[in-house]
Structure formats: C-alpha cells, structure tokens
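The values are calculated or read from the model by the stated rules, or taken from the named source; none is laboratory data. What you are looking at is a predicted structure, and each value in this text was computed from that prediction instead of being measured. As a convention, Cβ positions derive from the backbone with ideal geometry for all residues, glycine included, and neighbour counts pool all protein chains shown. All accessible areas refer to the heavy atoms of the entire protein, side chains included, with ligands and DNA or RNA removed. Shrake-Rupley method; radii C 1.70, N 1.55, O 1.52, S 1.80 Å.
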Amino acid sequence: MPGPKEYTRKQVVMDIPELREKYPNYTIKPPLEHQTKAFEKLSERFSPVPPAQHKSGLLVLPTGSGKTFTAINWIYKRIIPNHVKVLWLAHTGFLLSQAADTFYENVLGTINRQNVNMRVVSSSKYHDYPKNIDLSDDIVIITTQTAIKQLSLKKDLSHEQFESIALNKWLESCKDSGLLIVLDE
C-alpha cells in the first residue's frame, strides 16, 4: 500500500475501512523471527498498557534489520488499540517521513479501529506546523528540535500563552490516555 509521500500542512486520517476497500488484497509483511522476539520483549517491558509507572527501554537491532518496522508494528498491536498516544521524535525530516510512511503502510495490520490520526511536524515545507497539532492526533511525528523549541517557549511566555501552545495542550491531554515517546536515532 503506497503511503502519502508528502504530509503537507495537514492531519493524515487513516480511515481503516476505506483503506481496506481501496486495497483489498494488501497484507503487511510478517515480522521476522528477530522482530517477533523484539515484540515479545517490548510487550514484557511495557505491560500493562499503559504502565502504572513511567518506564523506559531500548529497541536495539542491527542497521537494516527493521527497527522502524518492528517498533511501529508493536505500537499498532499494543499501544494504539489501548488509546495510548504516540510522540515519535527524530532529528531529521527524512526520518520523520520514513516513520510516517511506515505507520501508513502498516495500519491495515491487526488494528481494530475505524481510523488513526497522524501528524508530521517540522520546519520542512512538506510537514505541518506545530500550531496545527490537534487533540485528535493519535500519533505526532516531530523533529526533536521543533519539540524542544515549542516546549522552551515557556520561559518567554506567560502561563496562559504557554498553555495555549498546541504541543503542550496535546501532551496535557495524554495524561488521561497515556503516552509512548519514541526517540528515533
């Protein structure tokens, strides 16, 4: 299933029934043995979903072994079905687009929802503005630099102005649902 290659100034709404109708024969590639083992380890580490306390972990696989595929498929199986939101941080626009494409291409896996809302945010002309982050976004894929800039505005703004920053509002909304933060390096 081809993913949208540009995420220009918009929320990407992945309408699952519509995509299944458009691509009736599409199947995601099955995970390899090492990826299945990584799924199991991630599930052990972050059980229950969301965890009762803050937890951290590393997904370490060799270059080219499918870290992005592994992480995203695990997120679709364990995180998104539990209505936990995802903040995916990366330092380049290329990594943002790679993650977004992988999220899009694998949404038809085992997910049992009507839709998944994703937004890609950076200073690139191909990505959305931070001010457009919406509470309905399930997945926010953003450059680390843009996230830091948005959150560092606190020192320059009044409390009311900072509270109105879209990323801050979205993060605050995750207190109820839970939040998984991924740092893609």
Mind checking Rg over Rh on the chain, alpha carbons, Kirkwood formula for Rh? 0.96
Work out, step by step, the length gained on full extension between SER123 and THR36: first 0.36 nm times the residue separation, then minus their alpha carbon distance; give nm to one decimal. 27.8 nm
Zone residues, segment 116-152, relative to LYS22, backbone N less than 18 Å from point 7 Å out along Cα-to-Cβ: 116-120, 138-139
Express the accessible area of segment 1-94 per residue in Å², computed with a 1.4 Å probe while the remaining protein chains stay in the model. 61 Å²
Cα-based shape type of segment 52-121, given that a ≥ b ≥ c are square roots of the gyration tensor eigenvalues and the cut on a/c is 1.5: rounded
The percentage of the accessible area of segment 47-130 (probe 1.4 Å, all protein chains present) made up of carbon and sulfur atoms, to the nearest whole number, is 54 percent
Taking the Cα centre of each part, how many Å lie between segment 93-136 and segment 58-81? 15 Å
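Taking R0 as 45 Å, what FRET efficiency do you get between SER65 and LEU153 from their Cβ-Cβ distance, rounded to the nearest 0.05?
Values: r = 38 Å, r/R0 = 0.84.
Result of the calculation: an efficiency of 0.75.
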